[in-house]
Amino acid sequence: GDITQKGYEKKRTKLLAPYIIQTPGKTVAPPQNDAQPPAPSSSSHVPASAPANSSRYRERRSRRTHRNGGTRDDRYRSDIHTEAVQAALAKNKEEKMALPMPTKRRSTYVQSPIETRTPPDSSSGSEDETSARRQSSAVAPQPQVHPNLQSSDYWMNRSAQGSSTSSSASSTMSHGEAKPQAQSQPQPQYKPQYQPLYQPHPAAVADMLAHSRIAPSENSAPPPDVTAVAPPSRGPRVDLPSNAVVRGMSRGHSRSSMMETADGVPVSSRVSTKIQQLLNTLKRPKRPPLSEFFTDDSEEIVQVPQPDPNTPRPEGRQIIPVKGEPLGVVSNWPPALQAALARWGATQGKSPALTALDITGKPLYTLTYGKLWSRSVKLAYTLLNKLGTKNEQILKPGDKVALVYPNSDPGMFWVAFYGCLLAEVIPVPIEVPLSRKDAGISQVGFLLGSCGVGLALTSEICLKGLPKTPTGEILQFKGWPRMKWVITDSKYLTKPSKDWQPHIPTANTDPAYIEYKASKEGTVVGVAVSKVAMLTHCQALTQACNYCEGETLVNVLDFKKDMGLWHGVLTAVMNRMHTISVPYAVMKACPLSWVQRVHMNKARVALVKCRDLHWAMMAHRDQRDVSLASLRMLIVADGANPWSVSSCDAFLNLFQSHGLKPEVICPCAASPEAMTVAIRRPGVPGAPLPARAILSMGGLSYGVIRVNTEDKNSALTVQDVGHVMPGALMCIVRPDGPPQLCKTDEIGEIIINSRAGGTMYYGLPGLTKNTFEVIPVNANGVPIGEIPFVRSGLLGFVGPGSLIFVVGKIEGLLMVSSRRHNADDATALAVEPVKTVYRGRIAVFSVTVFYDERVVIVAEQRPDASEEDSFQWMSRVLQAIDSIHQVGLYCLALVPANTLPKTPLGGIHISDTKQFFLDGNLHPCNILMCPHTCVTNLPKPRQKQPVGVGPASVMVGNLVAGKRIAQAVGRDLGMIEDQDLVRKLCMWPTVMHQYLTEALQWRAQTDPDHVLYVLLNAKGVSVGTATCVQLHKRAEKIAAALSEKSSINTGENVVLLYPPGIDLIAAFYGCLYAGCVPVNVRPPHPQNLAATLPTVRMIIDVSKAACILTTQNLMRILRSKEAAASVNIKTWPTVIDTDDLPRRRPPQIYKPPTAEMIAYLDFSVSTTGMLTGVKISHAAVSALCRSIKLQCELYSSRQIAICLDPYCGLGFVLWCLASVYSGHQSILIPPFELESSVSLWLSTLSQYRIRDTFCSYSVMELCTKGLGTQTDLLKARGVNLSCVRSCVVIAEERPRLVLSQSFSKLFKDVGLSSRAVSTAFGSRVNLAICLQGTTGPDPCTVYVDMKSLRHDRVRLVERGAPQSLPLMESGKILPGVRVIIVNPETKGPLGDSHLGEIWVNSPHNASGYYTIYGEESLQANHFNTKLSFGDPHTLWARTGYLGFVKRTELLDASGDRHDALFVVGSLDETLELRGLRYHPTDIETSVSRAHRSIAESAVFTWTNLLVVVSELCGSEQDALDLVPLITNVVLEEHHLIVGVVVIVDPGVIPINSRGEKQRMHLRDSFLADQLDPIYVAYNM
């Protein structure tokens, strides 16, 4: 059958695949065109090593994050694999790279006042530096840091790029031009000691400087400075043409002299050196090199790299479940845990149960078993009988109660916990809420709500400390249910009567207590533990740890949950042990306190975390005479953490001399769901210690166990956590997908079947099923049995001798490009962080951006760390992680000390940190993004097809496919007016006037007193009117003045310099009467002459004006001292002040010999900053006026209101020409008056009952922002807009749909019809192509697929479809106008499913560009072009805008289906990236949505780098928050990597008089370092 080329290729590849020999490990890089630097975001370039040692660079990334939300205090450990990191860094040293340092405005990092910068509490890690260094030397001799790490090696010699700035000078660089002679000397403080990467010959440097056009050539006018005077508010709109680029030439070649490519070709001296450095780093190949990509037929989908044939795969047999030893039956074990307490309370009442310490570490009180029993009974009695009034029982057995006790008060907690057990109510221990804003507080509320908790037990002291409302009530915490608080201090409890005994049934499967657990996403769930599980777990721990009566146990862990609760509260009571509880606060004050307690109490068992080992080592010199010889078990609760092994070893090395025996260290693994999974049993003295597993990190990332042999740097050493618990059965299953049993050499999730584990997530049956009722399946998917297992959330494997090894947690898993990495990995900590960041204050998580997880690291920076240090540290972290894990970091952010959200025990609250990052609330002080390195799944760049297919074939193809050629036609523009109307009015001659001058004279004779114009001031008062005869007379006076000047001849150009008003109109007709050609120019802004006057001067020079007509005021300004500062005021042409002219009549009124003569010149600054003047002939003027008259049904009894700038385009036509032609009355509202009275325009519409009004987007935006909240006020003042039938926005751009819709919605309240607002479209070649008018169907909106649009295809989708873009029709095509959509390259007509250039044919097309030297080729190219195929005779004008035509279901006036024209954007402005076409406004819309502080943004490209400039309307501390958000949103929605993010003050982005952004000016200012940015981030 017939098959497309693409289909054929696919089929062929599929058939040949089995026969193609793959050379393992080699991938063929896509061929690269050498001529131009490929786009940095394409798969082929990005730094090979993660960005190297530069002082700094920034990057940005997409966002979506996954991370552990709970307490992660397991991050305190000794110097882990520092050697690996050192080696990785050393390896990277050879491959140097110059990295651009971000530019930061000084004020952004001025230190905040001292009191706000308290050092983070020592929980957060590394105490003072000296002790930290001491400790690290104790652990491992640290290699000397190579002196060059801090030296110039890190700097590329910048002189090569011809900029005098060094990184440290970068922030001041924008003030003043660099002096050329300074440019060849590198900054002294970084003296290069090696040859830079590329060093041009000295002559080349000089040559480059000579060619870089440092100053504009003498005869061209200097470019007006766009940015020097950017006032803080947007200030006056300024039209800024670029450096004297005047004619209609595209700015291409004028700019080409300033910048070549990035391939080391000289770049102008103005171009920021940093961008050049950035490009140099981006040219390095990207890892991994992707050979082939999979591209779906219709959707360009994310690139899927081919699987690497060398990927390790598991090869072992299927694992066999591992059984723990049987749980022994001991005759005197109690039937329930409360029974044990009852027994000891009665028989051993004097023996100590618990000793609590005060803040200094001294014993505060000791609770005996007798006291514990009697108080618990009292509490149980009170709870059941004494809470309500006499007869009502508030608590019933089975109710849930929150336990809120501080860490420093274990005694109260013990009593409350056992009291609840005795009362058979279910305790839910939670942290003490400290404020409304605690990290994760609302999730705790979710837990209490799902458990149905309404009562909280607490102590008197704790209750006093809770936050209160002004009335003294306890605060209602965010998300919490209403709580009743009960104080459990003894004095408030009631002693039970003699006959009352608590009911102690045998343990059953009812819940005994609920333990909270924070998940990776931050949600808090409650794990219910049944009475029998609680008891069995205590028995299993007793057997495994060999606990016996009367032993002393020191507990440093949190006693409310986890190991601290299981060993220190439950098992201890079952075995009548003595627990010494060391609170967190004591540990902060005296890190050695637990070691001292072991020594003084001759404790047999200690229960600690790696953090406590670490702290004890830090402080051990203070106490030489401690002995740990009494310990038989040192239980390391987070021994399952892969990095615990180094802490244990270091602790043993240090304390072995203090009697610590190697065999007592017992790491264990546990999770809230499975409870204790495995624990190393206390060893026999002298027995050999268990072996370690040294695993390959590469293998681990694929979930495979491989012993690491070759590269010790990428090895992970893990210790075992002993054997499975007694009475338990364990399997390892795959962590994702169905619970399939792993192979013996595969890493998976540990699952446990045991009576001693959690039973469910309370109140969450769905989650419970997936976690607590897992039945493993074999390789064929068949269940291996009936018994349910519980998922532990731990990743590991079974080693030799059935020892269990754990390598990480599910919740710390980062899946990047289908490889697993562990967030607990401490590579970032190994890069001697001591000077720059706090060791314990580092958060690692991933955010999902663009279909993959991206790794983000956030750390707290020390207040004294310099910018240099921070960047040094960041760049080294990048290299280390890249070398050791082969994974790219997406974002590395440093925040000020003490600003990350904390968990109750001082760890970092990861899920909140991640949320802050995603919401833009992290406020980093340093940020580095590397999206180019780690985003490897961008769609394949589009290869443009060679133009082998001619336009004819395309057209035939379209016809065959049944697609129409995209064209649309306005209705016929008859020469003869409606005969009835003419007879009725007897006014107009049957043939239309060819000249406006004739029309004005005719009106002055036939209807002299008809008011044509009314001008309003800011108060809405008429300050000037003009009747037909007054206008005629004023025009005559001006014509007489012109004809008296002998220097002014017929046909010469005259500049009109007037504020918006009637003077301007009179001067225009005066010029026509005298036979001169008027050139209308916006007057300079008196407060901003430096920026606005040069533009005026340029137009005057370019148009070779013979004279200037103006007012007295402006004449004074032109000759003022201020004006002399920016232009030469001595060379103005003749200036005529038209305010007080004598009453004279010209000898005769000029009549042009032919209608093709030029009527006026229309000068305008395009969005690309190009100043273009077009010639409008008399014939075009009358055709345009006639067209507008027909479309808007204008005649002399009509009134319209105009709130537009009258200086160019359709605004000028409506202001000056249309009324004289059609005879309607125009009410003129100068837009600048709205600045002092926003409601002027709307009040006028209401007051005069206007049906048709014309405005600009800037006016609409002003009203939306200024009056949005005041519609009620307008209503009260009687404003009613129900009279408005059409409100047309005059623009030369894509309709701003969002603005139009908000305007309609806002003013609906004052009667504005939703159908009234519509838009017009004009361009330079034709001032009015579309205008909504009064008849015809309403403008329609379509949704197009953005992915197709980038390929120049138009695919309509449903509203709300992903990646859809809403577009509004640009108004109805005017009478007499034909448009056709054309391929701008082949000039062939396109079908209506294509995006192409809009070409227009109409009697009112402009006659050509006004050029000083006739550039006929350019003119013919834009104004008189023929199609290459189809209709070869019609002459078309090219608008320079891309758009498409769609036939709608609506009918037009003649009953045909209506063809709608949609404008997408200017062809000059489009960005060509990765072979696709992007419209800046789409990217800007996404960027503006990224964060509330982004006021406005603009994008442009520079040598294939996408640069985003955003105006920050918030505080400067938000500036760095924007960098990742902007990077994310552009990557997510447009599949592009942003190269540079520039954060600037509001009002910096230049806009022209129509309110359009001038992106090319912005680009030039940026490259010339004139923006004074708050922050510039270079994404690596």
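So which residues in the range 343-371 are surrounded by 20 or more Cβ atoms within 10 Å (Cβ to Cβ) and in a helix (DSSP H, G or I)?
Scanning the range 343-371 gives Trp344, Gly345, Tyr369, Lys371.
Do you know which of the residues in the range 401-438 that are of a type in the set (Gly, Ala, Ser) and without any contact (Cβ under 8 Å) to a residue 60 or more places away in the chain is surrounded by the most Cβ atoms within 10 Å (Cβ to Cβ)?
Filtering the range 401-438 for residues that are of a type in the set (Gly, Ala, Ser) and without any contact (Cβ under 8 Å) to a residue 60 or more places away in the chain, the one surrounded by the most Cβ atoms within 10 Å (Cβ to Cβ) comes out as Gly411.
Criterion first (of a type in the set (Gly, Ala, Ser) and within 19 Å of Met1346 (Cα to Cα)) does Ala1490 satisfy it?
Here the answer is yes, as Ala1490 does meet what is asked.
Determine if the range 818-826 includes at least one residue that is open to solvent by 10 Å² or more (accessible area, probe 1.4 Å), assigned to a loop (DSSP other than H, G, I, E, B) and either in contact with a helix residue (DSSP H, G or I) (Cβ under 9 Å, 6 or more places away or on another chain) or within 30 Å of Glu746 (Cβ to Cβ) (or both).
Scanning the range 818-826, I find at least one residue that is open to solvent by 10 Å² or more (accessible area, probe 1.4 Å), assigned to a loop (DSSP other than H, G, I, E, B) and either in contact with a helix residue (DSSP H, G or I) (Cβ under 9 Å, 6 or more places away or on another chain) or within 30 Å of Glu746 (Cβ to Cβ) (or both), so the answer is yes.
Answer yes if at least one residue in the range 1531-1551 is closer than 30 Å to Leu1210 by Cβ, free of Cβ contacts under 8 Å to residues at least 40 places away in the same chain and part of a strand (DSSP E or B), and no otherwise.
no
What's the number of the only condition in (1) charged (D, E, K, R); (2) over 30 Å from Glu1533 (Cα atoms); (3) buried (at least 23 other Cβ atoms within 10 Å of the Cβ) that Asp1309 fails to meet?
(3)
Would you be able to tell me the number of residues in the range 1514-1529 that are in contact with a helix residue (DSSP H, G or I) (Cβ under 6 Å, 6 or more places away or on another chain) and either more than 16 Å from Val895 (Cα to Cα) or in a strand (DSSP E or B) (or both)?
Matching residues across the range 1514-1529 total 3.
Name the residues in the range 1027-1056 that are farther than 16 Å from Lys1104 by Cα and among the small types (Gly, Ala, Ser), would you?
If the condition is that a residue be farther than 16 Å from Lys1104 by Cα and among the small types (Gly, Ala, Ser), then Ala1035, Ala1039, Ala1040, Ala1041, Ser1043, Ser1046 are the ones that fit.
Filter the range 1394-1431 down to residues that are of a type in the set (Ser, Thr, Tyr) and either open to solvent by 20 Å² or more (accessible area, probe 1.4 Å) or at pLDDT below 85 (or both), then give me how many there are.
6
Would you be able to say whether some residue in the range 974-981 is in a strand (DSSP E or B) and either of a type in the set (Asp, Glu) or modelled with pLDDT under 90 (or both)?
Yes.
If I ask for residues that are more than 17 Å from Met874 (Cα to Cα) and either part of a helix (DSSP H, G or I) or open to solvent by less than 10 Å² (accessible area, probe 1.4 Å) (or both), which ones from the range 923-937 would you list?
Of everything in the range 923-937, just one residue is more than 17 Å from Met874 (Cα to Cα) and either part of a helix (DSSP H, G or I) or open to solvent by less than 10 Å² (accessible area, probe 1.4 Å) (or both), namely Val935.
Quick one: how many residues across the range 1337-1377 are over 25 Å from Gln943 (Cα atoms), among the basic types (Lys, Arg) and surrounded by 16 or more Cβ atoms within 10 Å (Cβ to Cβ)?
1
Could you name every one of the strands (runs of 3 or more DSSP E) located completely within the range 1043-1141 that has at least 1 residues being hydroxyl-bearing (Ser, Thr, Tyr) and surrounded by fewer than 16 Cβ atoms within 10 Å (Cβ to Cβ)?
Result: 1134-1137.
So Val626 ticks every box in (1) closer than 12 Å to Phe655 by Cα; (2) in contact with a Leu (Cβ under 7 Å, 6 or more places away or on another chain) but one. Which box is left unticked?
(2)
Take the conditions touching a strand residue (DSSP E or B) at 6+ places or on another chain (Cβ under 6 Å) and within 23 Å of Lys362 (Cβ to Cβ) and apply them to Thr676. Does it pass?
no
Per-residue answers, yes or no, for (1) of a type in the set (Lys, Arg); (2) crowded, with 22+ Cβ neighbours inside 10 Å; (3) within 18 Å of Thr1470 (Cα to Cα):
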| position | (1), (2), (3) |
| --- | --- |
| Glu1496 | no, no, no |
| Gly1514 | no, no, no |
| Asp1518 | no, no, no |
| Leu1522 | no, yes, no |
| Asn1528 | no, yes, no |
| Val1548 | no, yes, no |
| Arg1554 | yes, yes, no |
| Lys1557 | yes, yes, yes |
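Could you grab me the full set of residues in the range 465-512 that are open to solvent by 50 Å² or more (accessible area, probe 1.4 Å), small (Gly, Ala, Ser) and assigned to a loop (DSSP other than H, G, I, E, B)?
Gly479, Ser497
To keep it simple, each residue is scored yes or no on (1) hydroxyl-bearing (Ser, Thr, Tyr); (2) free of Cβ contacts under 8 Å to residues at least 24 places away in the same chain; (3) part of a loop (DSSP other than H, G, I, E, B).
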position: Asp736; (1), (2), (3): no, yes, yes
position: Ile751; (1), (2), (3): no, no, no
position: Gly763; (1), (2), (3): no, no, yes
position: Gly766; (1), (2), (3): no, yes, no
position: Lys769; (1), (2), (3): no, yes, no
position: Gly793; (1), (2), (3): no, no, no
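Is it true that Ser1493 is farther than 26 Å from Ser846 by Cα, out of contact with any His (no Cβ under 6 Å at 6 or more places or on another chain) and not charged (D, E, K, R)?
No.
Just to verify a result, which residue in the range 672-711, among those that are open to solvent by less than 30 Å² (accessible area, probe 1.4 Å) and under 28 Å from Met760 (Cα atoms), is farthest from the chain's Cα centre (by Cα)?
Here the answer is Ile679.
Against the conditions (1) surrounded by fewer than 24 Cβ atoms within 10 Å (Cβ to Cβ); (2) farther than 17 Å from Ala439 by Cα; (3) more than 17 Å from the chain's Cα centre (by Cα), where does Ile857 fall short? Just the number, please.
(3)
For the range 616-651, which residues satisfy the criterion of being farther than 20 Å from Thr676 by Cα and either touching a Gly at 6+ places or on another chain (Cβ under 6 Å) or assigned to a strand (DSSP E or B) (or both)?
Within the range 616-651, Ser627, Leu628, Ala629 meet the criteria.
Kindly indicate which of Arg576, Arg597, Arg632 is open to solvent by 10 Å² or more (accessible area, probe 1.4 Å) and in contact with a strand residue (DSSP E or B) (Cβ under 6 Å, 6 or more places away or on another chain).
Residue meeting the stated conditions: Arg597.
The values are calculated or read from the model by the stated rules, or taken from the named source; none is laboratory data. The structure presented is a predicted model; accordingly, all values stated were derived computationally and were not measured. Neighbour counts run over all protein chains shown; Cβ positions are idealised from the backbone, glycine included. Ligands, DNA and RNA are stripped out before the accessible areas are found, and what is left, the full protein with its side chains, is counted by its heavy atoms. Shrake-Rupley method; radii C 1.70, N 1.55, O 1.52, S 1.80 Å.
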